[in-house]
Each structure stands twice: as C-alpha cells, then as structure tokens.
1. Would you mind computing, in nm to one decimal, how far apart the modelled labels at GLU324 and THR215 are, each placed 7 Å from Cα along Cα→Cβ?
2. Where the only charges are on Cβ atoms (+1 Lys, Arg; -1 Asp, Glu), what is the dipole of the chain about its Cα centre, to the nearest 20 debye?
3. Determine, at each q value in 0.10, 0.14, 0.18, 0.19 (inverse angstroms), the log₁₀ of I(q)/I(0) that the Debye formula gives when each Cα of the range 405-563 is one equal point scatterer.
4. Would you mind getting the accessible area per residue of the range 311-460, heavy atoms of the protein chains only, 1.4 Å probe, in Å²?
5. Over the range 1-91, give the accessible area per residue in Å² for a 1.4 Å probe, as an integer.
6. Can you give the alpha-carbon Rg of the chain over 2.2 N^0.38 Å, where N counts its residues?
7. Determine the share of the chain's accessible area contributed by carbon and sulfur atoms, expressed in whole percent, with a 1.4 angstrom probe.
8. How far is it, in nm, from the label point at GLU276 to the one at ASP468 when both lie 7 Å from their Cα along the line to the Cβ?
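The values are calculated or read from the model by the stated rules, or taken from the named source; none is laboratory data. All of these numbers come straight from a predicted model, not from anything done at the bench. Here the Cβ positions follow ideal geometry from the backbone for every residue, glycine too, while neighbour counts run over all protein chains shown. Side chains included, ligands, DNA and RNA excluded: accessible areas come from the protein's heavy atoms. Shrake-Rupley method; radii C 1.70, N 1.55, O 1.52, S 1.80 Å.
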Amino acid sequence: MSAPERSVVTQVRERGRAQVVIIGGGINGIATFRDLALQGVDVLLVERNDFASGASAASSHMVHGGIRYLENGEFRLVHESVTERNDLLKTAPHFVKPLKTTVPIYHFWSGLFQAPLKFLLGRSGKPTERGAALIKIGLTIYDVFVGPGRRTPWHRFRGHTASLRELPRLNPRVKYTATYFDASMHDPERLALDVLNDGLESNRSARALNYVEATGFTGTGVTLRDRETGENFTIEADAVINASGPWADLTNAALGAPTHLMGGTKGSHIVLDHPELVAATGGREIFFEHSDGRIVLIYPLKGRVMVGTTDIAADPAKPARCTEEEVDYFLDLIGDVFPDISVSREQIVYRFSGIRPLPASDASSTGQISRDYRLVVDSSRGIPLITLVGGKWTTFRALGETLSSLVLDHIGVPRAVSTKNRAIGGGRDFPMSPRARGVWLRTRIPGSGTRGNVLLGRYGTRAAAVWDTLEAEHDEPLAGDRLSTRELAWMVDHEHVVHLVDVILRRTDLAFTGSVTYELLARVAGALAPLLGWDEDRLAREIDQTANELREAHGIALGTEAAHA
C-alpha cells in the first residue's frame, strides 16, 4: 500500500504551476530557491531524496577559500570564496565558526619551481611536496584576498622547536608549521535547512518538496513523480533550473536533453572516536599534503576526529561508498603526521562518501579540475532549461544570487533584495561570546540546563521557538539530552521529515558521532509513527531501511537482533 499524499504535495499538484521550478535540493539549489523566494518569485524546489542528502551531506565540514586553487590560477574563485567565508561567519555564526588550521611542512624549497609551471603551462607530472617557501607565498596571497572584511587573524609560521612545543605529538621530522584561519561548518545539513526555511518563510507562494523527482520536460514545464505515492503530475513553469549537482547529466537525460557536462570525483571521510588523537590536534585542523600530493585533513569535530578526503574519478549513476582501500589510505596518513599514535579500524564510528559536482575535464589529475561554477542555458525546446555545472559549499550564497539573477532576467522580474550580509535562520542575533551565550540561555530558555546548550547548538536562536514546543506538552527523552519526543514533533512540523533516516542522519548528529543503536532506532521510530501516521508494517520497514543504510553507506553495524521485537 502506498503512503497517503502529503498536504504540501497536494497543494503543488492542484495548483499546477510555478514561475520557476528548481530540480535539486542540495545547498546550491536551496540557495537559489531562497534568493528567488526573497524576490517574490513563485518558485518550486523538488528533491528526489531528502534535502541536502547528496553531495551537500558529504562535505569536509569546512567553509574555506580554497588556498590550493591558487596553483590552478582560480583567483576569482579564491577571492569569492574568502569573501563568502567572511560573510558566513557573520550571517551563520551558529554553524560557521573560525577554524584554526595548521600545515606541517618538511622542506623549505620543495615545489617552488614546479608550481609556476603548473599554473602557467598546466603541467602536473610527479607530485612534488609543497615546501615552506611556496606555502608562505600562497598564504600571503590568501590573506591579502580576505580584504577589509577580515574576521580571522593573519597566518603565522613556526620553526621546528616552536612547532613541536605547540603540537608535541607531530612527526618530529617537521621543520616548520604554517598556521592560518579558515572556518568550520559543524552541521552542513542543518545549515541547508535554515537556508531553505528562510526562503519558505519569506514567500507564501514558495514551495519545497523532498522525495519528489523530475521525470520529464514538456517544453512548458516538467513532469514530477512523488516517490512516496508513485503519483505523477505536471507543473507548468516559465523557467526550469537543473541544480542536481553531480547528477546534472542524469537529470538532463531524464528531461530528454542529454548532456555531458559533469565529471565529478568521489571524496570519502572517516570519523573516529579517539580521544588521544583529538588531544594531539590541539583543537585545530591539521591540513597537509600526503605523499601522493593529495591535500588531506585531520579535523577534531563534535568530540570525534574526522579524516579525509580522497579525490577519485566516480560514476554518479553508482552509489558512492568509502572503500577499505580508502580507509587504509586514511590510517596511513594519520601515521605520517602523528607516528606514535595508534589508530585502528575499531575506532571508526562513521564513514561517508560523496561525489563532487565538478565539470567534465581532460585534466591529467583530479586536483587540476576546476572547482569554479558556470551556467548552461538551453532554450531550444521551449522554456529555458538552465543547468548548473560545479559549485561548492563555501560559495553557495553568491552562486545562488548569480543563478537567481540570470533567471530573473529570463522571466522579467526585477531584483528586490540581496542576500549579502543577510542573517541565516538561527544565526539572527546569535550570542557570540560565552557570557552572551549564558545570558541568552537564562533569559530565552530558562531552566533548560544542558538541553538548552544542545538546542542552541542545533537551531541557533530558533531554539527559543523549539523550547516553547518542548514546554507546551509532556516531553520524553529519546537519546538523553540530545533528542526528545516533542523535538521530533518540531522536526516533523517544521523540518520536512518524511523518513526515520532523515532524523538519524541529517536532523541530528547521532549517526555522525557513532551514537546509534538498534534500540535507539526503535525508540525514535516509535515516537515518529503517530506523528507521521505509520502503521506497524511501515514502522518496522523504516527501522530496517535505516539500519541497512547505516550499514551499507556508513559502515555502522548495529548487530543482528530485531530492533522491533
């Protein structure tokens, strides 16, 4: 038996029209949706899975300028990236925070003469380690690009003795360290939800549907399929945007307009429960070049350590998975930087992998493929079909504004506002210091204790509205201070929850931190069932499907006992 149609899907289907349809609910599609909604455009966003569940969920949890893009000559992208990083530190301080980053360096001159050849002539050849001189030049340019909007300190260099004094567990072969600041992004999926809900709250005509896919193009609109019910319906539009990231070519093929625009690469990460390694990082990201020339990272986050990332050619038609070979690679690189710290597979609590939405390229190495974005317009079959090629997390606001401006020109609507410097969701009036945080908690959600800290970290200043929901009726804990029954009700009412896996993987960090058990799945699913109208069969299916996804996609084995016994 199929599920009943969701009310928001019914509203969209019965209306049958939107000025603009956006296909793809990753961060770039969501950013474009928000920008168009703020202009008063009747815009519809559709995502075939959950919002921010694809490439947007597989990021390295960083908002960064991309210092290594300088070698490829992508100065426009680096300048835009550092500008947008600074903007996000102001507009989304609940999720985006300054990140101290240290680069261990083993030589002085290495790479200095190869880098100009790579930049000027596109040569790659055998990877040559970037030495202190080259990194110093790059960081100086990087800092200059930050400009007057700087919200982070200038970089600094340390010699061997000072480096090991700061980070005593570093490889003793280290001759120098370079330390600079980028920014961390603690909960990318939740930041995406805030951007999405900003758009919805700004415009009563704007609609966003997850688990709805585009299956055809009519020349005057698109055919959609509700994956929950199997129902098909058509929406007329004045323009269609394909923002489906690494799957853009597959989407265009489904729309009857085959393209060969994309050439994404796979990036994987592991998360370890390893207090000794957390302490060794000194609370900062260790960002460095591995022996194969790949830039990798060791990053303390949420009391765990995230290690990544790979850069491997990938087929977007196949699921991206973190392989055992990639795990070996990560364990090896940890040993290079912290040789006296033992790390094993048993300490891995989570794995994840995604495909970067990179353009098709004949570059000799994946690192040379451009990280910039471009827009491709096809008006040959009726209304414009605009395909986004590329795009990265850091530049989502600027990209959304650029894409939105192009669409506004096509549909003849003037721009009313800019998203520049506009606070995002729970970043509005966010308390920036520990003292201000304490005052906010005492005055806005009094008596909340440690639960209040969790809510402020998860929702920003929207935590006050969530707390009102928790206080309104009897509330029972599901995962200690980290999740409760009334908070689930908030997520269902305000955060587009359709499946159990939406909560476990994307509305909370329970999976990321290795906190999921079969018993927890059963408790959360049992609390969701009356909120979403699940019967016993649907309840059991949700638990099984979530357990399977955790095992197959994220390496989490929950045991063999029946969760719903």
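1. Result: 4.0 nm between the two label points.
2. Working: 64 positive and 68 negative charges, 469 e Å.
In debye, rounded to 20, the chain gives about 2260.
3. Each listed q corresponds, in turn, to -0.48, -0.80, -1.06, -1.13.
4. Details: 6800 Å² over 150 residues.
Each residue of the range 311-460 exposes 45 Å² on average to a 1.4 Å probe.
5. On the way: 2750 Å² over 91 residues.
Ligands and nucleic acids excluded, the result is 30 Å² per residue.
6. Working: Rg = 23.5 Å, N = 565, 2.2 N^0.38 = 24.4 Å.
Expressed relative to 2.2 N^0.38 Å, the Cα Rg reads 0.96.
7. On the way: 11810 of 22350 Å².
Looking at the chain in its full context, I get 53 percent from C and S.
8. Output for this residue pair reads 5.0 nm.
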